[in-house]
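Beneath this line is the structure, given in structure tokens, with notes to follow.
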Amino acid sequence: MYDSGTDDTLALDFVNSGEAIGVFELDKDLIISKTNQREVMVGQVYKDKATLKEVVENYAISQRFQFQVDRSNSVSYALICMSEDCEWKFKASSINKSELVKVREFIDNRTCPLKDKVYEQRQASSSLIGGMIRPKLTNHKRKYTPKDIIDDVKSDLGVDVSYILAWRAKEKAMNFLRGEPADSYKKLPRYLYTMDKTYPGSHIKMGFDHCRPIVVVDGSHLKSCYTGTFVSASTLDGAEKDAAWTWFFEQFKIAYGDRENMCIVSDRNESIIKSVSRVYPDVPHFACIWHLWNNVYKKFKRSHAKLSEIYFSMAKAYTQAEFDSLMEKLETVDIRVKEYLELAG
């Protein structure tokens, strides 16, 4: 049982069948809680097994040897050197079934062959590296790539790690700091329920039946006097593209309705075109000039500079005569572009 009533000491009452059989007091300052502890010795007390494990992994890397868990030992945390001929040994166990772990035995006599000492450092795990790099990921605006992690591990530990190991370490560090993404998505139904109650009149509905499990999240900073950020998440629609887009426009129609002088602008996705014609048969549907230009840019490789000037002038023309005149100019640059745009409507 813990008694943390005092500021300086931590008292553990050893109890057997409800009867106190002893008290163990430990100065709180002596409990090791940080993983940057460099010196390991018998008698040290760590706040938990995870902290001790990371300290020992760091120690093994700095001393250029490898250890493994001793499965034959009955104590809670027993380690031996990977080399059969080495005397290195480490034992630790919890204090009276608490989270605190005490080092019980430590034989720091390494007689490993040279080839084992310089062998690949298995102790440089993704969990260990993830713990090291967490402080560098607290600022979400900082760009910290796996290549940066590889360089830092080489500089700090003198160990070479692979790209995939660095990537996994970053993922573990991010999950530790921000939580697992799956846990956030589980909260969506409750979040939408709260939104619905908070903003009556809004149309809020989940519909992920036709989406692939790839979610792209972004935020757009609002420039009005109210500022703030509009947060959005989008997914790739799956095999049933027509069904997914039809569902989307049906929900949009419930929320927005069918209004006078309304029009819809999008790229030339076939499923969008079909779905708009089904849900909004009397509403004109136009092609987005930017998406259309990207199609022209990729499809026709020549005269991009001339095409761009004429194309965007056509898009902004105020009269039919001006538009027709620009279309004639376009024909002289590349008749294929004129035919493509006429086919696009």
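Among the listed residues Glu87, Glu54, Glu25, which satisfies the condition of being more than 25 Å from Leu165 (Cβ to Cβ) and either part of a loop (DSSP other than H, G, I, E, B) or modelled with pLDDT of 80 or more (or both)?
Matching residue, one of Glu87, Glu54, Glu25: Glu87.
For Asp85, only one of the following conditions fails: (1) within 19 Å of Thr111 (Cα to Cα); (2) touching a strand residue (DSSP E or B) at 6+ places or on another chain (Cβ under 6 Å); (3) open to solvent by 20 Å² or more (accessible area, probe 1.4 Å); (4) not basic (Lys, Arg). What is its number?
For Asp85, the failing item is (2).
Looking at (1) more than 35 Å from the chain's Cα centre (by Cα); (2) closer than 24 Å to Ile31 by Cβ; (3) open to solvent by 10 Å² or more (accessible area, probe 1.4 Å), which one does Phe90 not meet, given that it meets all the others?
Of the numbered conditions (1) more than 35 Å from the chain's Cα centre (by Cα); (2) closer than 24 Å to Ile31 by Cβ; (3) open to solvent by 10 Å² or more (accessible area, probe 1.4 Å), the odd one out for Phe90 is (3).
Filter region 268-310 down to the residues that are of a type in the set (Ser, Thr, Tyr) and under 23 Å from Leu326 (Cα atoms) and list them by number.
Within region 268-310, Tyr297, Ser303, Ser308 meet the criteria.
With the requirement that a residue be touching a helix residue (DSSP H, G or I) at 6+ places or on another chain (Cβ under 7 Å) and not aliphatic (A, V, I, L, M), what does region 306-333 give you? Please lay out each step first, then the result.
Keep residues of region 306-333 that are touching a helix residue (DSSP H, G or I) at 6+ places or on another chain (Cβ under 7 Å), which gives 306-307, 310-311, 313-315, 317, 323, 326-327, 329-331, 333.
Within region 306-333, Lys306, Tyr311, Ser313, Phe323, Lys329, Glu331 qualify.
Which ones in region 254-293 are open to solvent by less than 70 Å² (accessible area, probe 1.4 Å), within 34 Å of the chain's Cα centre (by Cα) and not β-branched (Val, Ile, Thr)?
Ala255, Ser266, Asp267, Asn269, Ser271, Ser275, Cys288, Leu292, Trp293
For region 207-219, how many residues are farther than 19 Å from Lys241 by Cβ and either modelled with pLDDT of 75 or more or of a type in the set (Phe, Trp, Tyr) (or both)?
Going through region 207-219 one residue at a time, the tally reaches 2.
Would region 220-242 turn up any residue that is aliphatic (A, V, I, L, M), modelled with pLDDT of 80 or more and part of a loop (DSSP other than H, G, I, E, B)?
No, because not a single residue in region 220-242 is aliphatic (A, V, I, L, M), modelled with pLDDT of 80 or more and part of a loop (DSSP other than H, G, I, E, B).
For a quick check of your reading: which helices (runs of 4 or more DSSP H) sit entirely within region 125-208 and have at least 1 residues that are of a type in the set (Asp, Glu) and more than 18 Å from the chain's Cα centre (by Cα)?
Once the helices (runs of 4 or more DSSP H) in region 125-208 are filtered for at least 1 residues that are of a type in the set (Asp, Glu) and more than 18 Å from the chain's Cα centre (by Cα), what remains is 146-157, 188-198.
Among the candidates Arg142, Arg190, Arg178, Arg168, which residue alone is open to solvent by 40 Å² or more (accessible area, probe 1.4 Å), at pLDDT 80 or above, farther than 30 Å from Met41 by Cβ and in contact with a Gly (Cβ under 9 Å, 6 or more places away or on another chain)?
One residue alone meets the criteria, Arg168.
The values are calculated or read from the model by the stated rules, or taken from the named source; none is laboratory data. From a predicted model like this one, the values you see are computed outputs, not experimental measurements. Here Cβ is always computed from backbone atoms with ideal geometry, including for glycine, and neighbour counts include all displayed protein chains. Quick note on the areas: whole protein, heavy atoms, side chains included, nothing else; ligands and nucleic acids left out. Shrake-Rupley method; radii C 1.70, N 1.55, O 1.52, S 1.80 Å.
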